[in-house]
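Participant: Before we start, here is the structure in question, set down as structure tokens.
The values are calculated or read from the model by the stated rules, or taken from the named source; none is laboratory data. Since the model is a prediction, treat every value here as computed from it, not as a measurement. When we count neighbours, we look across all protein chains shown, and the Cβ atoms used for this are built from the backbone with ideal geometry, even at glycine.
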Amino acid sequence: MKATKTFLYLLVFFFLLLPFNARPAEKLEMELKAEGLFVNHVSTAVLQKMFADYGYHDYIYMPDWKYPPLFLGSLPSDFDQIEDKSLRNRLFIQILAPLALLVNERIVEERYPLLLMRERLDRQEQLTPADKEKLEELAKKYDFFTRMKGKERYDILLAELLNRVDAVPPSFLIAAAAAESNWGTAREVRLGNALYKQKVWFGEEGIKPLDDPDDSYRIKVYPDLLSAMEEYALKFNRDVNFDHFRNLRMQRRNHSKPLRGNAMAYNMVVGSPLENYAGLISYIITFYDLVNIDEAELGSVKMFLKEKEQL
């Protein structure tokens, strides 16, 4: 706890040393949680300085493939004013990479007790009441239903949830966000963190689309970027339209093959209005070497505190 407090104090101290004109117009907000540092109302200049101070100079070739646990609530307010498109795109990936890794870290945490249940059943042990309650909870979240009762019910739930509660390649989450939001410059991202422009139907809540005569839907608004990405990942793990993706993922698991976005893109794309969407996603993943992030993980707060002390 002392180390994490020191980490936060150092960040605040660093911010106070910034030139006044480099500070964001809104008050910078930082909240240190067990998962990392959550940041809001940061300008592009401040963000780049913060990344640099923790050795996060680029999104590839990170030491030991560990990424800083720095999570932005929204893109910088001046993000769409970056004139250099190459710089903007790479910064977009830098921002989203830790978020995509956190999304998958949370999914893996949900998956872990399922693996323990599977091991107990393989040893001919019985599931506990807490196990059964957990299965029912996850079945509801991941939209799976069976009419079976008793032991057979929980065998079915466990088998299906092991297929559904699993990682979604970070490279795909990032590439899809880039394609759907025009690399973070779309108005829907600015107004509502809508990285993927998810639609809500027959209501007034949300962002009204421009230049579309269809008034039956709105673009869903999210409190932060992480929420938008989590819901998008959940769609692949629960929607009936993505059974083929989940089956491919299970096959790759069974053959000890890595879950890489470029190998799975054509099994993940359904219903996008963008032309040749799967090809576009595959191109973004390949051109920007995003599969490197599929092999990465988040570093600990303690690790990046040590990095700071060495500067």
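Participant: What do you reckon, is GLU230 surrounded by 12 or more Cβ atoms within 10 Å (Cβ to Cβ), in contact with a strand residue (DSSP E or B) (Cβ under 7 Å, 6 or more places away or on another chain), among the acidic types (Asp, Glu) and closer than 30 Å to GLU31 by Cα? Break it down into steps so the answer makes sense when it comes.
Facilitator: Values: surrounded by 12 or more Cβ atoms within 10 Å (Cβ to Cβ): yes; in contact with a strand residue (DSSP E or B) (Cβ under 7 Å, 6 or more places away or on another chain): no; among the acidic types (Asp, Glu): yes; closer than 30 Å to GLU31 by Cα: yes.
Spelling it out, it is not the case that GLU230 is surrounded by 12 or more Cβ atoms within 10 Å (Cβ to Cβ), in contact with a strand residue (DSSP E or B) (Cβ under 7 Å, 6 or more places away or on another chain), among the acidic types (Asp, Glu) and closer than 30 Å to GLU31 by Cα.
Participant: Still on this model: Restricting to segment 139-192, and then to whatever is at positive phi and either among the charged types (D, E, K, R) or assigned to a helix (DSSP H, G or I) (or both), can you tell me which residue is surrounded by the fewest Cβ atoms within 10 Å (Cβ to Cβ)? Even if it seems obvious, please write down each step before you answer.
Facilitator: Within segment 139-192, the first condition is being at positive phi, and the residues that meet it are 143, 150, 182-184.
Those still in the list that are either among the charged types (D, E, K, R) or assigned to a helix (DSSP H, G or I) (or both) too: 143, 150.
On the way: ASP143: 13, GLY150: 7.
Within segment 139-192, the match that is surrounded by the fewest Cβ atoms within 10 Å (Cβ to Cβ) is GLY150.
Participant: Could you count how many residues in segment 145-172 are touching a residue at least 24 places away in the same chain (Cβ under 8 Å) and out of contact with any Gly (no Cβ under 9 Å at 6 or more places or on another chain)?
Facilitator: Residues of segment 145-172 touching a residue at least 24 places away in the same chain (Cβ under 8 Å): 154-155, 158, 161-172.
Subset that is out of contact with any Gly (no Cβ under 9 Å at 6 or more places or on another chain): 154-155, 158, 161-167.
So the answer is 10.
Participant: Still on this structure, please answer the following. Quick one: would you say LYS85 is of a type in the set (Lys, Arg), touching a residue at least 40 places away in the same chain (Cβ under 8 Å) and either buried (at least 19 other Cβ atoms within 10 Å of the Cβ) or under 14 Å from THR185 (Cβ atoms) (or both)?
Facilitator: Values: of a type in the set (Lys, Arg): yes; touching a residue at least 40 places away in the same chain (Cβ under 8 Å): yes; either buried (at least 19 other Cβ atoms within 10 Å of the Cβ) or under 14 Å from THR185 (Cβ atoms) (or both): yes.
Against the criterion (of a type in the set (Lys, Arg), touching a residue at least 40 places away in the same chain (Cβ under 8 Å) and either buried (at least 19 other Cβ atoms within 10 Å of the Cβ) or under 14 Å from THR185 (Cβ atoms) (or both)), LYS85 qualifies.
Participant: Looking at LEU210, LEU259, LEU234, LEU248, which one is modelled with pLDDT of 85 or more and not in a helix (DSSP H, G or I)?
Facilitator: Working: LEU259 fails: modelled with pLDDT of 85 or more; LEU234 fails: not in a helix (DSSP H, G or I); LEU248 fails: not in a helix (DSSP H, G or I).
Answer to the selection: LEU210.
Participant: Further question: Looking only at segment 80-102, how many residues end up being assigned to a helix (DSSP H, G or I) and among the acidic types (Asp, Glu)?
Facilitator: Let us first name the residues in segment 80-102 that are assigned to a helix (DSSP H, G or I), namely 80-81, 85-102.
When the remaining residues are screened for being among the acidic types (Asp, Glu), the result is 80.
Residues in segment 80-102 being assigned to a helix (DSSP H, G or I) and among the acidic types (Asp, Glu): 1 in total.
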